[in-house]
Structure formats: structure tokens, C-alpha cells
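One structure is given below, encoded as C-alpha cells.
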């Protein structure tokens, strides 16, 4: 029942359904996890890594920033789209205002979708990025003149755990630096080490390595730790 409700919501959401057929939307739904929330239960928390987006399947939620209510979130509303930009952390807290259900799409699901159905993944991410371009915050974050020098933490997929183990040993020194990593690495470093990063880039296959290369050419990288 929960999965059917998610499929119905995705099909009726103009933003997500743009450019995708009904069979493709049904496939996309299988990469979402459906969770239920009680009133006042937190769906997203300000300051946590932005590693997933959600769509409200039923109920209602509130977006809160520093105890100020920013918005009421209704069914079919997507939130957490910063998974697709360089903002590393949540900028607001989302709490349920009544019994609610939400579909969750995280970076691991995104990686699986890219591997299994690359055209669906490309269309979905392209739609989300186009939506973000309408946000002034997104434009400021994406095109601002960044003078910070970051320590880049990078690893090939089979070496990500080695990078995590290394950062556990050297965490006190690493924490002294502004950090940048790909989205999937950001997620692992937060979950397993508790590291909060200052900036994130796309995963390697989607141009993350090139993005770090561009940052190096602009003088925004002080050093790179790369496990290959």
C-alpha cells in the first residue's frame, strides 16, 4: 500500500513526472524508501549532511529555521533537493505536523539508479537541478567567488572504507581544515566518523573528479587525500 501510494504521488507530481513515462516512474519508485512519521517527528535536521531528498506522500510537515517556520509542506512536495548541488548540509529542519508518510531517495539509491537505468537517473537529476536554478540560494552557492582553500578527501569506490578508516585515525588533524568530498563520501564520513564537510561535489562518474580539478586550478584546494 505504501509503495502504491508513492507511485501515485510520483505520477501526480508535475516536477518529477516531467520527461519520464509512467513505466519509468514506477521503476524510479523502487529506488525510494517509504517511511512513516508521527506529529513533531523530524524528517530532516538542520546542519546534517544533505544526502537525500524526500517527497511527501501523505500528511503535512513544516520547514523550520532557527525556530522560525519557513513553509508548510503538503502532499506531492519535494524537499531536500540540495542533494543535487554543492550545499553539503541541510539548511532547515523538517518536522511532521500530523501523521505523515514520505518517500526517501538517498545518494546510495542514486548511485544504484545510475548503474541500472542511467537515462532515468540523468533525466531525474537534470529536472531537480533545473528546479534548483530557480532558487536564489542555489545560484549564490553555485556561482559565488569562493576564496576558501579546502582539503579534498577522495577515494575510488573499492577504497572508500580505507579512506574512512584513515580519517578515523587522523580525525583531529583533518577537522582543522575546511573539507570537500563527493556526495557519497560525505555520507560515509558523517555516518562513520562524524565529520562535517564544508562543501560537496558530484560523485566521480558524474564529474566530481573534474570539479575538484577545477577547484585546484582556481586555488581552492590546499591538499588532496586520494585513495585509489
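The values are calculated or read from the model by the stated rules, or taken from the named source; none is laboratory data. These numbers come from a predicted model, not from an experiment. So basically every Cβ, Gly included, is an ideal-geometry build from the backbone, and we count neighbours across all protein chains shown.
Odds and ends about this structure:
- Scanning the stretch 208-221 for residues that are in contact (Cβ under 8 Å) with a residue 60 or more places away in the chain and closer than 21 Å to residue 164 by Cβ yields 212, 221.
- Taken together, 161, 187, 149, 210 contain a single residue that is at pLDDT below 80 and either outside the structural domain of residue 51 (by TED's automatic domain parsing) or out of contact with any helix residue (DSSP H, G or I) (no Cβ under 7 Å at 6 or more places or on another chain) (or both), which is 187.
- Tallying residues that are touching a residue at least 40 places away in the same chain (Cβ under 8 Å) and either exposed (fewer than 14 other Cβ atoms within 10 Å of the Cβ) or not in a helix (DSSP H, G or I) (or both) within the stretch 3-44 yields 19.
- Condition met for residue 121 (surrounded by 17 or more Cβ atoms within 10 Å (Cβ to Cβ), at pLDDT 85 or above and out of contact with any strand residue (DSSP E or B) (no Cβ under 8 Å at 6 or more places or on another chain)): yes
- Residue within the stretch 168-180 that is closer than 20 Å to residue 111 by Cβ and assigned to a helix (DSSP H, G or I) present: no
- The set of residues in the stretch 95-105 being closer than 23 Å to residue 188 by Cβ and either surrounded by fewer than 20 Cβ atoms within 10 Å (Cβ to Cβ) or at pLDDT below 90 (or both) consists of 104 alone.
Here is a yes/no grid of residues against (1) out of contact with any strand residue (DSSP E or B) (no Cβ under 6 Å at 6 or more places or on another chain); (2) under 23 Å from residue 129 (Cα atoms); (3) at pLDDT 95 or above:
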{"residue": "4", "(1), (2), (3)": "yes, no, no"}
{"residue": "12", "(1), (2), (3)": "yes, yes, no"}
{"residue": "22", "(1), (2), (3)": "yes, yes, no"}
{"residue": "45", "(1), (2), (3)": "no, yes, no"}
{"residue": "52", "(1), (2), (3)": "no, yes, no"}
{"residue": "63", "(1), (2), (3)": "no, yes, no"}
{"residue": "71", "(1), (2), (3)": "no, yes, no"}
{"residue": "79", "(1), (2), (3)": "no, yes, no"}
{"residue": "90", "(1), (2), (3)": "no, yes, no"}
